[in-house]
1. Residues that are more than 9 Å from the chain's Cα centre (by Cα) and among the acidic types (Asp, Glu): list the helices (runs of 4 or more DSSP H) wholly contained in the chain that include at least 1 such residues.
2. So, in the stretch 21-49, exactly how many residues are under 25 Å from Thr68 (Cα atoms), modelled with pLDDT of 95 or more, out of contact with any Ser or Thr (no Cβ under 6 Å at 6 or more places or on another chain) and surrounded by 15 or more Cβ atoms within 10 Å (Cβ to Cβ)?
3. Give me the pairs, please: first residue somewhere in the stretch 9-34 and of a type in the set (D, E, K, R), second residue anywhere and at pLDDT 95 or above, beta-carbon distance under 8 Å, and either six or more positions apart or on two chains.
Amino acid sequence: APEVYRLAVDTAGCPPERVLMVAAHAWDLRGAQAGGMRTAYVERPVGDPPKRTDVFDRRFSGLDELATALTA
């Protein structure tokens with residue numbers, strides 16, 4: 001539902017390309033991409049892994065790796 005991603009962007013108060021959607025579910029990242037948001041997939045034991053055709057801005061093996069990248 002595009003409204004969910006629009007609400008996130010509106011709440012952030014900045015353009016969608018300045019918002020990073022982080023998720024372990026590829027379907028959620030696809031929705032965020034459709035709304036113009038940047039995307040980061042984080043691998044988790046359960047979730048919806050990306051398909052070979054998915055192109056996300058970043059991919060991480062875990063939350064520690066994501067946190068390190070965001071603080072660098």
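1. Numbers: elements: 2-12, 26-34, 63-71.
Passing ranges, in order: 2-12, 63-71.
2. 13
3. Glu17/Gly36; Glu17/Met37; Glu17/Arg38; Arg18/Arg38; Asp28/Met21; Arg30/Asp54
The values are calculated or read from the model by the stated rules, or taken from the named source; none is laboratory data. Note that this is a predicted model, so its numbers are computed, not measured. FYI the Cβ positions are ideal-geometry reconstructions off the backbone, even for glycines, and counts take in every protein chain you see.
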